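Notes follow the structure.
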Amino acid sequence: MLRTLAPEATVRVFPNRGRDLYPKLFGFQDAYASHDIVLHLHAKRPPEPGVREGWLDHILERILPSPEGIEAILALFDEIPRLGLVSPAPFPETAQGLVWGPNRALADVLAWSAGWPPLPRNSELHFPAGSMCWARTSALQPLLDLNLPAEAFSENPVRRDGTLAHAFERLLGVAPGIVGMRQVFIDGFASDAPRGDAMTRKIASELGRAPR
């Protein structure tokens, strides 16, 4: 179906390791050099039917809201050079999981091996839960430079946390800061929400810089 909808798309098949994180970061590592902005998406199938129902819709409504909304998101990257990630606002049912949890030890090992500064505390940790976001490729470079093979990722469908993939999910929010960039969170496009240039100005103002 993908080849029918997007005949020019590059389709690659990977081993079932690292959930969506290994394929997106390392399976397509060579593609990042050809693009300034990337969009990370996946099917977000919950581990059990009915678990966190509506999470995927929540994410897509925020990072793929409409053609005008997408144009506004891309305009943010043009207007704000230090913007690294545009992420969906957290899904309410995931709020308790927006911490390091059992993933901190794995993340610390990666940070130490790469020579990164100390990782943020739970209160300062912000990341795109669900690992879907718009990103400036240079903001992801600290993760890409780790260059891990598929064998580094184990795949245990029973474990919902404490895996290398879950550590990388959180490090998506850390990587921009390592290169002096930051992320913003989009909280939907309700009928009275700002769109287009108005949304650009609102978010740019929150970042402390008005668009030109």
Please find the FRET efficiency linking residue 109 to residue 42, where r is the Cβ-Cβ separation and R0 is fixed at 22 Å, and quote it to the nearest 0.05.
-> 0.30
Full-stretch length increase - residue 89, residue 141 - with 0.36 nm per residue and alpha-carbon distance subtracted | 16.4 nm
Mean Cβ neighbour count within 10 Å, used as a protection proxy, ranking 15-22, 166-173 highest first = 166-173, 15-22
Each residue of region 97-106 in turn: what ³J(HN,Hα) in whole Hz from Karplus with 6.51, -1.76, 1.60 and θ = phi - 60°, glycine and Pro shown as x?
-> x, 8, 9, 5, x, x, 8, 5, 4, 5
Geometric extent, Cα atoms of region 1-147 - Rg, Dmax (angstrom) | 16.3, 46
Residue separation between residue 35 and residue 53 times 0.36 nm, minus their alpha-carbon distance, gives in nm 3.2 nm
At 1.4 Å probe size, with every protein chain present, just tell me what the per residue accessible area of region 1-101 comes to in Å².
-> 60
Could you calculate the contour length gain from residue 96 to residue 3, that is, 0.36 nm times the residue separation minus the distance between their Cα atoms, to one decimal place in nm?
-> 29.7 nm
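The values are calculated or read from the model by the stated rules, or taken from the named source; none is laboratory data. As the structure is a computational prediction, the values presented were derived from the model and not from experiment. Neighbour counts are summed over all protein chains in view; Cβ atoms, including those assigned to glycine, are modelled from backbone coordinates with ideal geometry. Side chains are part of the model used for accessible areas, which takes the heavy atoms of the whole protein and leaves out ligands, DNA and RNA. Shrake-Rupley method; radii C 1.70, N 1.55, O 1.52, S 1.80 Å.
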